[in-house]
Amino acid sequence: MNPKRVVVIGGGPGGYVAAIRAAQLGARVTLVEKDKIGGTCLNRGCIPTKALLSDAKLLRSFKRSPVFQSLLPEEFNPLESMMDRKKRVVQEMVKGVELLLDHLEDILFIINRHNFFSVNYFFFFSIQ
């Protein structure tokens, strides 16, 4: 019996989860992403924002604390460190998703920077 073929367009949280599940159910999957695996949420949106927000909340707690406030020098500027941590968090999570996809041999991951839905593309599907 030939396995079903599935094309998932978009490697964000919905796309890569759908690709993994389809592969687990026996389909041969092609996952197409225009930028980086994880999509906007993982690379530029939700996750980086939450990493920065977590650091900002911690910094605010230190600045408001009567005990720890004196430990922070006036010229203390953690922005560079916060951005480095954000970058590490994103890289670690992207690697985790890539490992998940690599362990399933039935998923082909393609980065395609073209717009599939422009007038220059035609799709032909055959249903058998």
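The values are calculated or read from the model by the stated rules, or taken from the named source; none is laboratory data. Since we're looking at a predicted model, the values are computed, not measured. Only protein heavy atoms, including side chains, enter the accessible area calculation; ligands, DNA and RNA are left aside. Shrake-Rupley method; radii C 1.70, N 1.55, O 1.52, S 1.80 Å.
Quick notes on this structure:
- Based on Cα contacts under 8 Å between residues 6+ apart, the chain shows a relative contact order of 33 percent.
- Solvent-free Debye calculation, one equal scatterer per alpha-carbon of region 41-112: log10 I(q)/I(0) at 0.11, 0.23 Å⁻¹ equals -0.43, -1.02.
- HN-Hα J in Hz across region 42-54 - Karplus 6.51, -1.76, 1.60, θ = phi - 60°, x for Gly and Pro: 6, 8, 9, x, 4, 5, x, 5, 5, 5, 5, 5, 4
- More than 13 Å apart - percent of Cα-Cα pairs taken over region 15-75: 73
- Counting protein heavy atoms only, region 34-104 has 58 percent of its accessible area on carbon and sulfur, 1.4 angstrom probe.
- Built amide H within the under 5 Å cut-off of Ile107, gap 5+: Val29
- Straight-distance crosslink candidates among lysines, where the alpha carbon sits under 18 Å from Lys34 and sequence neighbours closer than 8 are dropped: Lys95
- Theoretical ellipticity at 222 nm over the chain - DSSP helices of four or more residues, -39500 (n - 2.57) apiece, nearest 500: -15500 deg cm²/dmol
- For Val8, the residues whose amide H sits under 5 Å from its own are Thr30, Leu31, Val32, ignoring neighbours fewer than 5 places away on the same chain, with H placed 1.01 Å from N.
- Translational diffusion coefficient (Stokes-Einstein; Kirkwood radius from C-alpha pairs) of the chain at 20 °C, 1.002 mPa s, in µm²/s: 122
- Solvent-accessible area per residue, Å², over region 16-61 with all protein chains present [probe radius 1.4 Å]: 54
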